[in-house]
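Comments concern the structure below.
The values are calculated or read from the model by the stated rules, or taken from the named source; none is laboratory data. The structure presented is a predicted model; accordingly, all values stated were derived computationally and were not measured. Glycine gets a Cβ as well: all are built from the backbone with ideal geometry, and neighbour counts include every protein chain shown.
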Amino acid sequence: MTVATAKKMTFEEFLNYDDGTDYLYELENGELIFMPSESEINQRIAIFLLIYFSQLGIPYYRLRMKTEIAVYSRMVGVRVPDLVVFSEELAQVMQNATRSLILMDMPPPLLVVEVVSPNQENRDYRYKRSEYGARGIAEYWIVDPMGQKVTVLEWVEGFYDERVFTGDEVICSPLFSDLKLTVAEVLQG
């Protein structure tokens, strides 16, 4: 849901925006986009993946849920993915941050995971794909409970190479070669 505003909001205005609630918003081409509460299955998938990556040995301080990421679209915008894996370098930069926001001048995360919500397919498959690519994010997962698939996008020579996994296929992650996780396990939530 887009929040009606009289004019396009700048990135600086977004950073200072406070409507007195704990609601999350994304900034898309100057428009404030309300982030509705996640469905139960989306929350379960994100938490499952958080725990799984932790068990793979990724330290807790490199795993985040609902971290804001500044991105380029037509204007600087902000996305709020379901799960983010920081590099060590980014974790160091973020260590004393007062807000969980990855700015444009910071290193990109290693991995961003979006769990598709109903009626949000275009945002996750199209818009965020190009925005995360422009940030140079090495790997982007689109977990789609409705489509019963996981799409793994690997940043190669300026574009994302795409692999789609379904059913009992083991997800192949270029960054995490120790991964032994099937799509069915992820989607069971």
Those residues of the stretch 151-182 which are in contact with a Leu (Cβ under 6 Å, 6 or more places away or on another chain) and β-branched (V, I, T), in sequence order: I171
Note: among L15, L50, L32, just one is outside any helix (DSSP H, G or I) and either in contact with a strand residue (DSSP E or B) (Cβ under 8 Å, 6 or more places away or on another chain) or surrounded by fewer than 20 Cβ atoms within 10 Å (Cβ to Cβ) (or both), namely L32
List the strands (runs of 3 or more DSSP E) that sit entirely inside the stretch 66-109 and contain at least 1 residues that are surrounded by fewer than 16 Cβ atoms within 10 Å (Cβ to Cβ). 68-72
Complete set of residues in the stretch 145-184 that are surrounded by fewer than 16 Cβ atoms within 10 Å (Cβ to Cβ), under 22 Å from E38 (Cβ atoms) and among the hydrophobic types (A, V, I, L, M, F, W, C): M146, A184
So which pairs qualify, if the first residue must be in the stretch 43-72 and farther than 29 Å from F11 by Cα, the second must be of a type in the set (D, E) and modelled with pLDDT under 95, the Cβ gap must be under 7 Å, and the two must be at least 6 apart or on different chains? L56/D178
Which residues, counting only those in the stretch 82-117, are free of Cβ contacts under 8 Å to residues at least 40 places away in the same chain, within 26 Å of I41 (Cα to Cα) and of a type outside the set (A, V, I, L, M)? F86, S100, E114
Restricting to the stretch 35-47, give me the number of residues that are modelled with pLDDT under 95, assigned to a helix (DSSP H, G or I) and exposed (fewer than 15 other Cβ atoms within 10 Å of the Cβ). 1
If I ask for residues that are under 18 Å from A134 (Cα atoms) and charged (D, E, K, R), which ones from the stretch 47-85 would you list? E68, R74, R79
Residue list for the stretch 133-173, filter: at pLDDT 95 or above, under 25 Å from P108 (Cβ atoms) and not in a strand (DSSP E or B): I137, A138, I171, C172, S173
Sort out which residues of the stretch 110-130 are of a type in the set (A, V, I, L, M), in a strand (DSSP E or B) and touching a Phe, Trp or Tyr at 6+ places or on another chain (Cβ under 8 Å), and write them in order of number. L111, V112, V113
